[in-house]
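Colleague: Dropping the structure in here first, questions after.
The values are calculated or read from the model by the stated rules, or taken from the named source; none is laboratory data. Bear in mind the structure is a predicted one, so any value in this text is a computation, not a measurement. Positions of Cβ are generated from backbone atoms using ideal geometry, with glycine treated the same way; all protein chains shown enter the neighbour counts.
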Amino acid sequence: MAERSFVEEVKKLRSAQGELFKGEGILAITKALLQSGVSYVGGYQGSPISHLMDVLNDAQDILGELGVHFEASGSEATAAAMLSASINYPLRGAVTWKSTVGTNVASDALSNLASAGVTGGAMVIVGEDYGEGSSIMQERSYAFAMKAQMWLLDPRPNLTSIVDMVEKGFELSEASNTPIFYMMRIRGCHVTGEFEARDNVPPAYSNKAPVSPYREPEKIILPPFVYAQEREKIAERLPAAINFIKQQKLNEFFAGRYEQVGIITCGGSYNTVIRALERQGLADVYGNSDIPIYCLNVAYPLIPDELVEFCVGKQQVLVLEEGQPEYIEQGVQTILRRQDVQTRVFGKDIMPMAGEYTGQVMLEGITRFLEACSGAAIPLQLDSDAVKALETPVSEEDIAELMSSLPPRPAGLCTGCPERPLFSAIKQLQAELGPFHISSDIGCHSFATAAPFNLGNTIMGYGLSLASSSGVRHTLPHKAISIMGDGGFWHNGLSSGVTSAVFNGHDGLLIIIDNGYSAATGGQDIPSLVEPNLIATTLDADRPKRDQWQPIEDACRGAGVKWLRTVSTYNIEAMKDTLRSALTSAEPGLKVVIAEGECMLNRQRRVKPMIKQAISSGKRVEKARFYIDPETCTGDHGCIRISGCPSLTIKENPDPLRLDPVSHVDNSCVGCGVCGTNAHSAVLCPSFARVNVVHNPTALDRVLDGFRRRVRGWLRNRDRQRLERYSL
Amino acid sequence: MSQGGQTLNLLIAALGGEGGGVLTNWLIEIADRSGWHCQSTSLAGVAQRTGATIYYLEFMERIAGKSQPVMSLFPAQGDIDVALTSEIAEAGRMVSRGFISPDKTTLISSDHRVFGITEKTHTGDGTADRDLILSMSGRYAKRFVHFDMAEMVKRHGTVISAGMLGAVAGAGVLPFSREAFEQALANGKGAAANLSAFSEAFDCAANGGVGVVNPGASAEGPAFVLPQPTTAIGEELLPRIEVLPPAVHEVTFQGVLKLVEYQDAAYAKTYLGHVEQFVAMDSEASGFQLTREGARWLALWMAFEDIPRVAQLKLRPTRDEMLRQEIGVTEAEPLKVSEYFHPRVEEVASLLPRRLGGALLKSSLWRKAVNNTLGARQLRTDTIAVTLALRFLASLRHVRRHMLGFHHEWRMINAWLDAILTAGDPVLARELVECGRMVKGYGSTRHRTTTRLMRIVDGVKSSEIVSAETVSQLRSAAMQGEEEEPFQAALTALSH
C-alpha cells in the first residue's frame, strides 16, 4: 500500500483512440507503454520514478486484462535482468529506476544485455535525479549509455512528445537491436498536461500467447561471441540506429530567421530554451523562434549528417546539456571537425559545468551567447547585466539579514515515526559510552545524520552500511555500528552485508530498521511486510500474517547470524539495554538487532479510517495524544533536541515573567508516546502527559468520570478560595 | 517575435504535508474548467518528509486553432506573476531566492509561523524575526497580501490549502471566476468546510488581507498600571512595589504574585528586599534594565520547581480547562490523563531536612534503595487517589525552608546575587543578571544549567573572568545544549 494511491488515475489508462488524456508525466508514460504493446514491465522505486511503480502496481487489473506481466523487482539489477526476455524473443519490455544510483546497481545486467543485443524492444526508463530536489550524488546517466552502447532518449517535456518517444523508442530498439535508456528528469516526471490517446495494444506474446523456446548461442556473452557482439555494435547496430533516427525524424529542426546562429539542445531542456528566447523577444509562447534550434530528442547517439546540416552556414552554435563532462559538446566538436565544418561551438565555456539549467541559468547563458555572436546584431530585450540583476532583486544587506533569520527546513522523520525512538535511544547510549562512528544507509533513517540526532558518518549506497563498516571496524574503539533499513536489507544488505560479514567474522552491531515498507520511496511493499503489519506496537497485532511472508529474522539466521534480537523501537529502555549488550558482549560474531515499528505514515493511513469507523459506529474508542504542561515547562527544549518530532514544537510562554517559548505538542500528534518515554528515559521533566480521550464512553466510564470530576471540583473550589487569599 | 500573449506564472511554496499537491490539482481543474491550459510541476523528492516544497504552475488561455503552448518547468527569477506561500518564513525564503520581483510579483502568504528545527532546539528563544520577514516581503513584492490563514482554516475545521485557494482567488490575480474556484472545492472531499474557509479567505484577500505592514508600530500594549490591593497581603506589599521605579513595576508585581502563591508573604518580602538592592545599584539612564531583568530571573529562580511546586502546578484550578481547550475536546468526553514523572533520589533527598538529605545522598546503599523504589512512572492525575497524593506533596511547601533542596538553591541564588552586587562594573553586573536565564529544567538538565552558571559566578568572584563580554560569550556557549564541548572550549579560551 503505497503512500499515494493512483486507483482513480489509472482508470485513464483505458482511454481509447482520440480521447484527450489529461494527467501527470508518469501516468502518460504508463499509457504509452500500453499503447506500445509491452509484454512485461518491472522496476525498483525511487524518486522521481516511484510513482511510475505505484501506477503500475495500482493498474494491475488493466495490465492483467491485456496480458502484461508486472513485477516489483527486488532491486534495479533484478529489473535489468528481466530485460533478457527481449534477447531471444520479440517481446517488448520496460523497466524503471532512479538514476544514476539504480543504473549503477543494474550495470552488470545492462552491459551484458547491451552486448548481446535485443530482438524485442527493451527500454529502461531512468528517472534522472539531477538538480534541485535531488536526493543523491550528481552524475549523468549519459556516460553509461556511451560506454555500453545503449541509445538515450531525452524527449521534449510535453506529454505528446513524451508518449510519442516511448512508442518510437521501442521501434528504434528493435530496428537497431539495442536496448534504450528513456530519460525523464525530475520535473518532467511530475509535469501535467495532455495528449491524444491511442488504443492500448495487447502484447504479441504473453501468458495467453506463449513463445516457443528458442536458442541463439551467438547472443550469449561468452567468447568468442562477445568479440562478434562488439563488432556488431559498431558495424551494424549503430548505423541502423542512425538511419532510423534520421528517417523517423526523432530529432527536430526548428527554423529561425537569424540563420547565422543556432542552438543545439537536449529535448528535456527545450521548454526552458523557448522561455529564455521568449523573454528576450526572440520567440513566442507557441515555440516559434527567431533562432534556429536543433532539438536532440535522442541525446545519444549523435547523428553526424543532421549536425552538419544544421551547422553548415552558421557562424556560431550553442550546445546545451546539463551536467558534466560535456559529452555532447565533445561529440559535436568531433563530428564538425571531421567534416571540416568551421562553425564556432559554444557550450560549457559559457554555461555552468555543474548543476541544472534552470530558467535563470538558461536566460543568462543564451544572452551571453547571443551577445558573443558576430554578424548582424540580434536585438535583445535584456542585456547580460539586466539578466544578472534579475537573479537577486534583493539588496546585499537585506539578503544577509534574511538569510540569518530564515530557518532551514531539512527533511526529517515524520510525526510518530518509529525510527525516532531508536535514534533517541542511540543518542542516549552515545552519551553513556562515548562518541560513535556509525555506518549509515539509504532510507528515511538517513535523516538521523542531520539535526537533532547527528548520528552517522558515511552513506555508501542502498543496503551497503554493514559492508562499509568492514574496513574501519578494526580501528574503532567500540564495536562497529551499522544501520540499515528493511528496504536496503532486501535490496542488497543481506548478500553484500550480512552474508559477507558473517563469513569474515565481523563482530560488530547491525541494526535493521523494520518498518514494514520501503518507506522513503513512498511506502511500497517489501518482502518482509506483514499485511496488516504484525508489529509489536500495532493495534491489530493478532491479525494473520501475509501469505509467503519472508521474515528478516529467518533470512539472517539462514545467513549464519547467531546473535539476533528483535525489539520494538518504541520501547526505548529495552532498546538501550539491547544495544548496550550487543556493544559490550564478549560473544564473537555479528550482532543483529531488528528494530521493529510500523511506518507511521502507512500506519495512520491504515488505522485512521478504522478508528473513524469505530467511533461513528458507537464503539468505545480511546484516542491518545500528548500534552505538555506549559506551567511546568521551563523552556529548555531538551525534549525537542532528543526527538525532533514535527508535532513537538514551541509556543509563547504563558508565564509573563519567562521570555523563552515553552515546548508544545500540536494537533498533528498521533500519540506514539516517544516524547513521554524520552522524558522518562532521559529524566527530562514532569511536563509530559498522555491524554486519552474516551469516545463513546460506557456507563461505567461515565459514572467513574462523573464521580472523579465532582470530588476534584470540590477540592478545586477550596483551592480557588485559598488562592484568592494568597493574592495581591 | 512576441505574438500570442504570455503565460501567467504561479509559484506555490508549502511545507510537506500541507496539501500543496491538492491545491495544485484544484488549480489545474479550475483552469481547465475555465478554458485555460495549465501545466504544473513539482519537486517531491524527500520534501514530503517535513521539508519545504515548491510547486510551479503556468496558465495560458486556450485559443481555437492554436497549438499547445510551450511552457517552462522552472520557476525563474523575474518571471513570476504570483507567489503563494503557506507560511511567512517561506515567503521570506522566496524573497531571498529572488522569486519575488518588485515590478511583477504579487506575494500572497499566510503570516503565521511554523517553526523550523533549529528554532525549536534552541535552549532559549531561537525563533526567527517575523516582523523583519514581513517588512522584507512587503518591500520586495509588487503587492503583498497576507493574513493568518492557519488560524482561519482551523476555525473552519479544514487545512491550509483551502485558505490559500481562497486567498489567491480573492486577490483577483487569476483570470478565473469565483464560481470556478468553488466548483473545484465542491467536487472534492470535505467540501463544506473547505468552501466556508475559502469564502472567508476570499473576502479577507479581496479586502487586501490585513495587508498593511507597519514595522514601526510597537507591538506593546498600554503601559502597565499597578492594581489596587484586594487582600491583606496586597495592602502590605503593593506599596513597596509602588515606590520602585515605574519601569520595573510590572515585573516586580508578577514576581511578588508568583512568590506569594509559591510560598507566602514573607518570601515575597525577601524578594522585594533583593529587588531594592538592584534598584540601588541601577540608574534611570539605563532604563532600570538591570533591576527589571534581575527581578525577572530572581523571581523565577526563587520559585524553583521542587516536588511540592510541581504538585502545586499540577493542581491548579484552571488546569483541566486549559487542557481540554488545547486538546480540543468538549466537556462531555471523559479524559484519562497519565503524567510522566521520574523522581530520582536527588529530588527525594531535597525534600528531607538538610542533614538527613545529605546523608541519604552520601549513602550508596540508601541511594540504590530509594532509586529502586522510585524510578519512572506514569500517574493518572485525573484520579482521586493521585489528586490527594499530589495535595499532600504540595502541602510540604509549608516546611520547604527546612529542606535540603531549599538550602541548596539558596546557596546558589546568594552566590549569584553576591556576584551581581559586588561586580562594580554596571555592564558586568547586567551580564551576570542575564545569566539568570540559564537556570532551567529538571533533574540532569537543571544540574547542567546551574552548574555552568555557578562556574561563571565563581570565575567572576575569583577574578578569572573580568569583562562583561567574556560573561556573555560563556553564557551563549553554556546555552548550546547538552554537549559539554562548547562551554569547555569557551572556558579553555579563558586561560589563554
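Colleague: Checking the condition facing chain B (nearest Cβ under 10 Å) and touching a residue at least 24 places away in the same chain (Cβ under 8 Å), which residue from A:Pro418, A:Pro410 passes?
Modeller: Answer to the check: A:Pro410.
Colleague: Related question: Working only within the range A:627-650, note down all residues that are of a type outside the set (Val, Ile, Thr) and at the interface with another protein chain (Cβ under 9 Å from one of its Cβ atoms).
Modeller: A:Tyr627, A:Asp629, A:Pro630, A:Glu631, A:Gly635, A:Asp636, A:His637, A:Gly638, A:Arg641, A:Gly644, A:Pro646, A:Leu648
Colleague: Only residues that are within 14 Å of another protein chain (Cβ to nearest Cβ) and in a loop (DSSP other than H, G, I, E, B): list them for the range A:280-334, please.
Modeller: A:Gln280, A:Gly281, A:Leu282, A:Asp284, A:Val285, A:Tyr286, A:Gly287, A:Asn288, A:Asp290, A:Ile291, A:Pro292, A:Glu322
Colleague: Something else now. Condition first: over 30 Å from the mean Cα position of the chain (by Cα) and acidic (Asp, Glu). Now tell me which residues in the range A:557-608 satisfy that.
Modeller: A:Glu573, A:Asp577, A:Glu587
Colleague: Scan the range A:579-618 residue by residue and report those that are modelled with pLDDT under 90 and of a type in the set (Lys, Arg).
Modeller: A:Arg603, A:Arg605, A:Arg606, A:Lys608, A:Lys612
Colleague: Is there a residue in the range A:388-406 that is over 30 Å from B:Arg130 (Cβ atoms) and either of a type outside the set (Gly, Ala, Ser) or touching a Lys or Arg at 6+ places or on another chain (Cβ under 9 Å) (or both)?
Modeller: So far as the range A:388-406 goes, yes, one or more of its residues are over 30 Å from B:Arg130 (Cβ atoms) and either of a type outside the set (Gly, Ala, Ser) or touching a Lys or Arg at 6+ places or on another chain (Cβ under 9 Å) (or both).
Colleague: Right, something else. What number of residues in the range A:567-624 are charged (D, E, K, R), in contact with a strand residue (DSSP E or B) (Cβ under 8 Å, 6 or more places away or on another chain), within 14 Å of chain B (Cβ to nearest Cβ) and farther than 21 Å from A:Arg420 by Cβ?
Modeller: Of the residues in that region, 2 qualify.
Colleague: Moving on to the next point. Please work out if A:Pro393 is crowded, with 16+ Cβ neighbours inside 10 Å, in contact with an Asp or Glu (Cβ under 6 Å, 6 or more places away or on another chain), within 14 Å of B:Arg93 (Cα to Cα) and facing chain B (nearest Cβ under 9 Å).
Modeller: no
Colleague: Moving on. Which one is surrounded by the most Cβ atoms within 10 Å (Cβ to Cβ), of the residues in the range A:580-624 that are of a type in the set (Ser, Thr, Tyr) and farther than 27 Å from A:Leu466 by Cα?
Modeller: A:Ser616
Colleague: If you go through the range A:78-97 one residue at a time, how many are without any contact (Cβ under 8 Å) to a residue 60 or more places away in the chain and touching a strand residue (DSSP E or B) at 6+ places or on another chain (Cβ under 6 Å)?
Modeller: Residues that pass the stated criteria total 7.
Colleague: Those residues that are hydroxyl-bearing (Ser, Thr, Tyr) and surrounded by 24 or more Cβ atoms within 10 Å (Cβ to Cβ), I need them from the range A:78-102; list them, please.
Modeller: A:Ser86, A:Thr96, A:Ser99
Colleague: So how many residues does the range A:471-512 have that are assigned to a helix (DSSP H, G or I) and within 23 Å of A:Tyr44 (Cα to Cα)?
Modeller: Residues in the range A:471-512 being assigned to a helix (DSSP H, G or I) and within 23 Å of A:Tyr44 (Cα to Cα): 14 in total.
Colleague: Here is a further query. Suppose we filter A:Cys685, A:Cys669 for residues that are buried (at least 18 other Cβ atoms within 10 Å of the Cβ), out of contact with any helix residue (DSSP H, G or I) (no Cβ under 8 Å at 6 or more places or on another chain) and either in the same structural domain as A:Met575 (by TED's automatic domain parsing) or part of a loop (DSSP other than H, G, I, E, B) (or both); which single one remains?
Modeller: A:Cys669
Colleague: From the list A:Pro656, A:Pro630, pick out the single residue that is in contact with a helix residue (DSSP H, G or I) (Cβ under 7 Å, 6 or more places away or on another chain), modelled with pLDDT of 90 or more and surrounded by fewer than 24 Cβ atoms within 10 Å (Cβ to Cβ).
Modeller: One residue alone meets the criteria, A:Pro656.
Colleague: Is the range A:365-376 home to any residue that is without any contact (Cβ under 8 Å) to a residue 40 or more places away in the chain and in the same structural domain as A:Cys266 (by TED's automatic domain parsing)?
Modeller: yes
Colleague: Show the residue pairs meeting these rules: Cβ distance below 6 Å; 6+ apart or different chains; first residue within the range A:196-225 and over 30 Å from A:Leu27 (Cα atoms) and assigned by TED's automatic domain parsing to the domain that holds A:Asn158; second residue among the hydrophobic types (A, V, I, L, M, F, W, C) and surrounded by 12 or more Cβ atoms within 10 Å (Cβ to Cβ).
Modeller: Close Cβ pairs satisfying both conditions: A:Glu218/A:Phe225; A:Lys219/A:Ile87; A:Lys219/A:Ala116; A:Ile221/A:Ala116.
Colleague: So, one more: Can you tell me which residue is nearest to B:Pro227 (Cα to Cα) among those in the range A:691-728 that are touching an Asp or Glu at 6+ places or on another chain (Cβ under 8 Å) and not in a helix (DSSP H, G or I)?
Modeller: Taking the candidates together, the pick is A:Ser727.
Colleague: For the range A:158-274, please list each of the helices (runs of 4 or more DSSP H) lying entirely inside it that holds at least 3 residues being modelled with pLDDT of 95 or more.
Modeller: Those helices (runs of 4 or more DSSP H) span A:159-176, A:225-232, A:238-247.
Colleague: Here is a follow-up. Return yes or no: is B:Thr381 touching a residue at least 40 places away in the same chain (Cβ under 8 Å), more than 7 Å from chain A (Cβ to nearest Cβ) and of a type in the set (S, T, N, Q)?
Modeller: Yes, satisfied.
Colleague: Given the range B:99-204, what helices (runs of 4 or more DSSP H) lie entirely inside it while holding 3 or more residues that are in contact (Cβ under 8 Å) with a residue 60 or more places away in the chain and within 14 Å of chain A (Cβ to nearest Cβ)?
Modeller: Per the criteria, B:130-140.
Colleague: Specify the residue that is surrounded by the fewest Cβ atoms within 10 Å (Cβ to Cβ); the eligible residues are those in the range B:1-26 that are at pLDDT 95 or above and over 34 Å from the mean Cα position of the chain (by Cα).
Modeller: Here the residue is B:Leu8.
Colleague: Inspect the range A:396-415 for any residue being touching a Pro at 6+ places or on another chain (Cβ under 7 Å), over 30 Å from A:Ala682 (Cα atoms) and buried (at least 16 other Cβ atoms within 10 Å of the Cβ) and give the result as yes or no.
Modeller: Within the range A:396-415 (the criterion being touching a Pro at 6+ places or on another chain (Cβ under 7 Å), over 30 Å from A:Ala682 (Cα atoms) and buried (at least 16 other Cβ atoms within 10 Å of the Cβ)), the answer is no, since none of the residues qualifies.
Colleague: Kindly provide the set of residues from the range B:271-289 that are under 19 Å from B:Met412 (Cα atoms) and not small (Gly, Ala, Ser), ordered by number.
Modeller: Once the filter is applied, which keeps residues that are under 19 Å from B:Met412 (Cα atoms) and not small (Gly, Ala, Ser), the range B:271-289 yields B:Tyr271, B:Leu272, B:His274, B:Val275, B:Gln277, B:Phe278.
Colleague: Go through the range A:668-694 and report how many residues are more than 7 Å from every other protein chain (Cβ to nearest Cβ) and not hydroxyl-bearing (Ser, Thr, Tyr).
Modeller: Count: 9.
Colleague: Okay, moving on. Select, from B:Ala89, B:Ala64, the only residue that is within 31 Å of the chain's Cα centre (by Cα) and either at the interface with chain A (Cβ under 7 Å from one of its Cβ atoms) or in a loop (DSSP other than H, G, I, E, B) (or both).
Modeller: B:Ala89
Colleague: Determine which member of the set A:Asn112, A:Asn104 is over 15 Å from A:Thr178 (Cβ atoms), assigned to a helix (DSSP H, G or I) and at pLDDT 95 or above.
Modeller: One residue alone meets the criteria, A:Asn104.
Colleague: Being of a type in the set (Gly, Ala, Ser), touching a residue at least 24 places away in the same chain (Cβ under 8 Å) and part of a helix (DSSP H, G or I) is the filter here; which residues of the range B:335-376 pass it?
Modeller: B:Ala349, B:Gly357, B:Gly358
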